[in-house]
Amino acid sequence: MGRGSKDSGIEMGVVDDSIGLQQDKDIEAPPTDAAQDPAPSQFSRSTYLTAFGFPRFIASWTIVWYHFYGFQHFPIWRNSTWESQYPSRWGYTWVYFFYMLSGFVITYTRLTAKDPQKNKQEGYFMFIYHRLKGIYPLHLVAILLCVWNLPAPSWSDLEHLPLTIFLVHVWRWDINLEDLPFNGPSWFLSVLLAFYLLFKPLYAGIT
């Protein structure tokens, strides 16, 4: 029994020595690339700016309210000084908020990117493609639905069709948004495309 205890003590000492040597090796071992670099998942998630959550909520619902009730008079304001100033009438003004928000977010994500060189290597047309690939297919579907619902489009209306397809139908100073024959709300996308076309040159000039 004494011999067994002695052998066990020797084995435990060997194990302790081996653990100590391994710990010394771990301490002395230089850090690997995996230890130096943070996990890729830390930077794979897109940054969400929580400060814009509530303003976006207010802006979105005000625009929806405008499209449903923008030109209706409510009894509470009838025959009063507020009759022509009811809030839903000004819902369209929040559209400009989304223009500014879009430009800010794109600029912010580029200025805080972990790989700025990747953004510099992105070509001009590839930048436009990345911006439009999520909205242009739905725009084409909306145009098809509008053409389908029109009983007999006039030739003057058909002249607007190619311009509407390529999202340049409101690039005029004398255009009346109420006279757009195909998908009138797409004026927002037409203006947004103009901003996208200007973004890369302006961003390169100020950075």
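What follows is calculated from the coordinates using simple rules that are stated; it is not laboratory data. Just so it is clear, the structure is predicted and the values come from calculations on it, not from any experiment. Cβ atoms come from the backbone with ideal geometry, glycine included; neighbour counts cover every protein chain shown.
Just a few scattered comments:
- At 0.890 mPa s and 25 °C, Stokes diffusion of the stretch 97-145 via Kirkwood alpha-carbon radius, µm² per second: 194
- Dipole of the stretch 104-160, positive direction: furthest Cα of ILE143, PHE127, HIS160, with charges on the beta-carbon: PHE127
- Potential extension, ARG89-ALA204 segment - 0.36 nm per residue separation minus Cα distance: 37.6 nm
- Between the stretch 125-154 and the stretch 49-70, the Cα center-to-center distance that results, in Å: 24
- Tensor-based shape of the stretch 108-207 (alpha-carbon gyration tensor, a/c under 1.5 rounded, otherwise prolate or oblate): prolate
- Potential lengthening between LEU158 and ASP115 on full extension [0.36 nm per residue; Cα-Cα distance subtracted]: 10.9 nm
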